[in-house]
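The values are calculated or read from the model by the stated rules, or taken from the named source; none is laboratory data. As the structure is a prediction and not an experimental result, all values here were calculated from the model. Using ideal geometry, Cβ is built from the backbone for each residue, glycine included, and neighbour counts are taken over all protein chains shown.
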Amino acid sequence: MCGIIGYTGKLDALPIIMEGLQRMEYRGYDSAGVALIENGKLELRRSLGKIIELKKILENETFSAKTGLGHTRWATHGRPSEDNAHPHTDCKGKFVVVHNGIIENYYDLKQDLIKKGHVFKSETDTEVVAHLLEENHSGDLLKTVKKTVESLQGAYALGIMHIDDPETLIATCNASPLIIGKNGSGLFLASDITALLEHSKDLYFLENGEVCVLKNEKIEFFNSDLESIKKETTHIDWNPVMAQKQGYKHYMLKEIFEQPSAISETLMSRINWDDASIYLDEIEGFDEDFMKNISRIYLVACGTAWHACLVGKYLIEKRSPFIAHVDYSHEFRYRNPKVDDKTLMICVSQSGETADTIAALEEGKKRGAKILSICNVLGSTVARKSDGVLYTRAGPEISVASTKAFTTQLVSLFMISIYLGRISGTIDKAKGIKMLNDIVEIPDLLEKTLEMNNDLKKLAGRYIYKQDFLFLARGINYPIALEGALKLKEISYIHAEGYPAGEMKHGPIALIDQDMPVVILAPKNHLLDKTLTNLQEVKARGGETIVFCQDKSEVDKYNVDHIFEVPETIHDLTPIVMTIPMQLLAYHIADQRGTDLDQPRNLAKSVTVE
Ligand code: F6R
């Protein structure tokens, strides 16, 4: 949700800013802009559309400014337009502001500023910050920023500069990520690690209310009272090459194919063969008594991560004595969840910056829960606020549609379920060893599953003009039907619904005719016969069936239109294997429809607004 970047140092700022924006484009891509102070004059360039449009504007210009700010936008207040693109300035064009987040009280602030004579040039909430800075300006930049943010409500990560102090950047944040870095050539601020990986791997994460001054090769940190504070860096061992396409047509395809190695990383050094359990160092700080006496578990997340939670519920309730509830983060925090100090809350988030999930986490914590999070991004807000973090170690996920983050979340939840089963005695040593053997096979099984790529590419061509799709599955694979439908709709813009197969006859069956492709997940398990009955119900109404199963011979007889076999694994691991064809099918349909599938319309990678 918007990416901000700033640089001050010895090098020309513009190429560094543009490259950082390009790396953060997946955070928002409806407009972009940069601001430089060149020979005492503010140079502001903004454009509607993607970074490429901004590049065209800058193509024939050269700038030698060593300090600047940049922004790539996902519109919240004000439609995408050049005027609404950041950076924003005050009336005199002296303060420059880039912002990620939402200023919730902007309307009142704006009215007040208008009464004082300020003239607004955009419809954004952000512009009030520039005018407030102007209004509060005392000559001391730091104090001016402090006074300004005191009147802001909402979420913000701000990068600020002033024309009279052209080598200084000020950064501050509340409930939006802001990362600070340094190397021999200069100082950086950005919304995202991926924008800074090229420059530094030892990064500072700004906490709510903290202010940072980047000037003359020095970074200074202050708390909200402007008292000087010391901060430690976090080492990020992601490699910048990981955030590149490496010959794949899209990041999404690359990330789909990275799943075997990503899962190997998730599992690495976590298998405890001696105890037939999982090393969860991340929760070592949790009292063993607490873990054994958990009253209930809440699994909380949004979107794809929420689908992982649904699978997690099946796994945890099957393998341990604990009751698990699944909530959307934005629903959890606004109802009255029964949370006490015996509650374990598992927050799942790839980015660790999803505003809804952060708010749910805070609500759970306030009510006494212990928080274990499953995150991909190191040092992210969810990770920092949790009592323990299980990092999925999937590497940077650039495609807006989540793939490898999801399957590594599934693996993490499988590991947690073994751990809970082992500590509570519901899984004995022999069963534990069997499960560990099964999970370590998964990377190889996924390599085999990925061999379906070409067949699914061919199949996809049949569906590029379809308007609707149905995805059906039962039990632990029902969330994968939801995930298949979500992947398809978000990148191909084809309407798709996921249903538990048993629910179809309660309504959705009315939709089925020869124009409705129906994807059915039919793994070999105790629910297979029932799923095959649902398949026949679809066939009887003329629907086109695409079945993913583990044994063709069991399905063949039903005159299915398209059957694909996925490799065999135990029942509880079928969701991981079944996910791969869902991702590939969605990918190839979207690709053949020609959508911008790494950056689908209206979406952004990390949703930092509520
Ligand atoms: C779908 C997708 C989203 C995210 C959701 C949560 O492909 O990526 O549905 O899963 O916005 O994001 P995180 O996991 O970063 O909290």
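Considering only residues that are of a type in the set (Gly, Ala, Ser) and touching a His at 6+ places or on another chain (Cβ under 8 Å), look in the range 32-72 and name the one that is surrounded by the fewest Cβ atoms within 10 Å (Cβ to Cβ).
In this case the residue turns out to be Gly33.
Can you report the number of residues in the range 119-165 which are of a type in the set (Ser, Thr, Tyr) and not in a loop (DSSP other than H, G, I, E, B)?
Result for the range 119-165: 3.
Here is a check on your reading of the model: is Ile476 assigned to a helix (DSSP H, G or I), of a type outside the set (D, E, K, R) and within 16 Å of the ligand (Cβ to nearest atom)?
no
For every residue, the table says whether it meets (1) of a type outside the set (Phe, Trp, Tyr); (2) away from the ligand (no atom under 14 Å from the Cβ); (3) surrounded by 22 or more Cβ atoms within 10 Å (Cβ to Cβ); (4) part of a helix (DSSP H, G or I).
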site: Ile346; (1), (2), (3), (4): yes, no, yes, no
site: Asp356; (1), (2), (3), (4): yes, no, yes, yes
site: Ala360; (1), (2), (3), (4): yes, no, yes, yes
site: Lys365; (1), (2), (3), (4): yes, yes, no, yes
site: Leu378; (1), (2), (3), (4): yes, no, no, no
site: Ala383; (1), (2), (3), (4): yes, no, yes, yes
site: Ala394; (1), (2), (3), (4): yes, no, yes, no
site: Glu397; (1), (2), (3), (4): yes, no, yes, no
site: Ser402; (1), (2), (3), (4): yes, no, yes, no
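The conditions are (1) closer than 22 Å to Cys2 by Cα; (2) not assigned by TED's automatic domain parsing to the domain that holds Ala157, and Gly209 fails exactly one of them. Which is it?
For Gly209, the failing item is (2).
Give the residue that is surrounded by the most Cβ atoms within 10 Å (Cβ to Cβ), with candidates limited to residues of the range 290-313 that are under 22 Å from Lys342 (Cβ atoms) and not hydrophobic (A, V, I, L, M, F, W, C).
Residue satisfying both the conditions and the ranking: Gly312.
Would you tally the residues in the range 218-250 being touching a Leu at 6+ places or on another chain (Cβ under 7 Å), modelled with pLDDT under 95 and surrounded by fewer than 15 Cβ atoms within 10 Å (Cβ to Cβ)?
Going through the range 218-250 one residue at a time, the tally reaches 1.
Consider Ile416 carefully, then state whether it is out of contact with any Ser or Thr (no Cβ under 6 Å at 6 or more places or on another chain), among the aliphatic types (A, V, I, L, M), modelled with pLDDT of 95 or more and more than 15 Å from Ile346 (Cβ to Cβ).
So Ile416 does not fit the description; no.
Under 6 Å between Cβ atoms, which residue pairs at least 6 apart in sequence (or on different chains) link something in the range 366-377 that is under 15 Å from Thr304 (Cα atoms) and in contact (Cβ under 8 Å) with a residue 12 or more places away in the chain with a partner that is near the ligand (Cβ under 9 Å from one of its atoms) and assigned to a loop (DSSP other than H, G, I, E, B)?
Short answer, once both residue conditions are applied: Cys375/Gly352; Asn376/Gln350.
Please go through the range 57-86 and give me each residue that is in contact (Cβ under 8 Å) with a residue 60 or more places away in the chain and part of a loop (DSSP other than H, G, I, E, B), ordered by number.
Ala65, Lys66, Trp74, Thr76, His86
Could you pull out every one of the helices (runs of 4 or more DSSP H) wholly within the range 494-610 that has 2 or more residues that are closer than 23 Å to Tyr463 by Cβ and within 16 Å of the ligand (Cβ to nearest atom)?
574-593
Among Lys434, Lys457, Lys487, which is within 16 Å of the ligand (Cβ to nearest atom), of a type in the set (Lys, Arg) and out of contact with any Leu (no Cβ under 7 Å at 6 or more places or on another chain)?
Lys487
Can you find a residue in the range 96-107 that is assigned to a helix (DSSP H, G or I), touching a helix residue (DSSP H, G or I) at 6+ places or on another chain (Cβ under 8 Å) and on the phi < 0 side of the Ramachandran plot?
The answer is yes; a qualifying residue exists.
With the condition being away from the ligand (no atom under 16 Å from the Cβ), I'd like the helices (runs of 4 or more DSSP H) fully within the range 248-343 carrying at least 3 qualifying residues.
259-267, 288-292, 303-319
Among the residues of the range 166-183, is there at least one that is in a loop (DSSP other than H, G, I, E, B) and either of a type in the set (Val, Ile, Thr) or farther than 22 Å from His71 by Cβ (or both)?
no
Among the strands (runs of 3 or more DSSP E) confined wholly to the range 1-56, which include 3 or more residues that are among the basic types (Lys, Arg)?
In the range 1-56, 41-48 are the strands (runs of 3 or more DSSP E) which contain 3 or more residues that are among the basic types (Lys, Arg).
Let's see how each residue does on (1) of a type outside the set (Phe, Trp, Tyr); (2) touching a Ser or Thr at 6+ places or on another chain (Cβ under 8 Å); (3) within 20 Å of Asp455 (Cβ to Cβ):
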{"site": "His562", "(1), (2), (3)": "yes, yes, yes"}
{"site": "Pro567", "(1), (2), (3)": "yes, yes, yes"}
{"site": "Met582", "(1), (2), (3)": "yes, no, yes"}
{"site": "His588", "(1), (2), (3)": "yes, no, yes"}
{"site": "Thr595", "(1), (2), (3)": "yes, yes, no"}
{"site": "Asn602", "(1), (2), (3)": "yes, no, no"}
{"site": "Val607", "(1), (2), (3)": "yes, yes, no"}
